[in-house]
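The values are calculated or read from the model by the stated rules, or taken from the named source; none is laboratory data. Every value quoted in this text rests on a predicted model; they were computed, and no experiment measured them. Backbone-built Cβ (ideal geometry, glycine too); neighbour counts: all protein chains shown. Keep in mind that these areas ignore ligands, DNA and RNA; they rest on the heavy atoms of the full protein, side chains included. Shrake-Rupley method; radii C 1.70, N 1.55, O 1.52, S 1.80 Å.
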Amino acid sequence: MTTPEPAQPSTSWTAFTVETADHVATVTLTGPGKGNAMGPDFWSELPLIFRGLDADPDVRAVVLAGSGRNFSYGLDLPAMAGEFGAVLADKAQAGPRSTFHDLILRMQSAITAVAECRKPVIAAVQGWCIGGGVDLISAADIRYASADAQFSVREVKVAIVADMGSFARLPAIIGDGHLRELALTGKDVGAEYAHRIGLVNDVLPDADAVLARAYETAAQIAANPPLVVHGIKTVLDHGRRAAADESLRYVAAWNSAFLPSEDLTEAITAVFEKRPPQFRGA
């Protein structure tokens, strides 16, 4: 199947492009951080985009992709470091922790907007998909990967309990044991491994083939009666939504209480200094 010709986007975005053709919207991560890292613009624009697509009667399916060689490096720590400043300050108590809790909830709502979009979302992954990238694709309905794709639930490596949705949604996708292995080690896994554990539906030879497969599936969905498609998503999500919501609320409270640490400061410093972190459990 040929890639549909895009229509002109109606809104300019900083971290995304959005194009619609043949009832299929294409949402492409564009940065501006290296490797489509998720900075402030990503978190503010994503929920607006997906709520708009949910409300657009011309859109019946969404393809979610990354520009360039990689899907996403995940959270842009240098760009987001300022958001952590107050809660990491000495003797940070209720005020900054409450503000940080609100920040986590806002960021979670961005990923949740993808999960709650009534139009099925197909993620097309090439290259690296790290941390927040895995959170994002866990909110999609269908995931395809190129043979060179690499996945990592890497938050443990930067002294963070993953709090944007992987823990809430991946148990239903890959099972508890596989999730624990990925989350506790922070290791990288390739496309074939991801396929074997159910993280992706299929592996294609390269990025072009991944996009072609995503558009093929999107076109098949778009040809079906849209209200029935909405109903299928709603029914399939019904049993999972309450558990996901509870998990997200719990981890937001947990990180507001326990995320500030010397290890997190060390992780952020190590990123800026481009060196391995030295964690002390403090």
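Calculated from the structure at hand, Rg and Dmax of the Cα atoms in Å is found among [x] 18.4, 58; [y] 17.6, 52; [z] 19.5, 58 as [x].
Of all DSSP beta bridges confined to region 73-192, the antiparallel ones make up roughly 30%. For region 129-282, the relative contact order comes to 27 percent (Cα pairs under 8 Å, sequence separation of at least 6). Along region 187-194 the Karplus relation, 6.51 cos²θ - 1.76 cosθ + 1.60 evaluated at θ = phi - 60°, assigns HN-Hα couplings of 6, 8, 10, x, 5, 5, 5, 4 Hz to successive residues, with x for each Gly and Pro.
Annotation: lysines with alpha-carbon distance below 26 angstrom to residue 91 (same-chain offsets under eight excluded): 157. GNM on the chain, alpha-carbon springs under 10 angstrom: the most fluctuating residue among 270, 123, 168 is 270. Taking amide H atoms as placed 1.01 Å from N in the peptide plane, the amide H of residue 26 lies under 5 Å from those of 19, 20, 21, 63, each 5 or more residues away in sequence or on another chain. Surface composition of the chain: carbon plus sulfur atoms contribute 55% of the solvent-accessible area (1.4 Å probe, protein chains only, all chains present). Taking amide H positions as modeled 1.01 Å from N, with prolines and chain starts lacking one, the residues under 5 Å from residue 123 and 5 or more places away or on another chain are 64, 141, 142, 143, 144. Across region 20-28, computed HN-Hα scalar couplings (Karplus, 6.51 cos²θ - 1.76 cosθ + 1.60, θ = phi - 60°) run 10, 7, 6, 6, 10, 8, 10, 10, 10 Hz from first to last residue, x flagging Gly and Pro. Database remark: amide H of residue 153 closer than 5 angstrom to the amide H of 131 (H placed geometrically; neighbours at sequence offset of 5 or more, or on other chains; Pro and chain starts carry no H). Comparing Cα centroids, region 10-31 and region 154-210 end up 25 angstrom apart. Under the shape rule built on the C-alpha gyration tensor, where the axes satisfy a ≥ b ≥ c, region 181-282 is oblate, since a/c reaches at least 1.5 while a/b does not exceed b/c. Computed packing ranks the peptides 50-59, 247-256 as 247-256, 50-59, most packed first, by mean other Cβ atoms within 10 Å. Taking θ as phi - 60° and the Karplus parameters 6.51, -1.76 and 1.60, the scalar couplings of region 238-253 work out to 4, x, 9, 4, 4, 5, 5, 4, 5, 4, 5, 4, 5, 6, 5, 5 Hz in sequence order, x denoting glycine and proline. Only DSSP H runs of four or more residues enter the estimate; each adds -39500 (n - 2.57), and after division by the residues of the chain the mean residue ellipticity at 222 nm equals -16500 deg cm²/dmol.
Using a probe of 1.4 angstrom and keeping all protein chains present, the accessible surface of the chain works out to 47 square angstrom per residue. Going by a ≥ b ≥ c, the root eigenvalues of the Cα gyration tensor, does region 236-282 fall in the rounded group (a/c under 1.5), the prolate group (a/b larger than b/c) or the oblate group? Taking the square roots of the gyration eigenvalues as a ≥ b ≥ c, region 236-282 is prolate.
Counting only DSSP beta bridges with both residues in the chain, tell me the antiparallel percent, nearest 5. Just about 30 percent of them are antiparallel.
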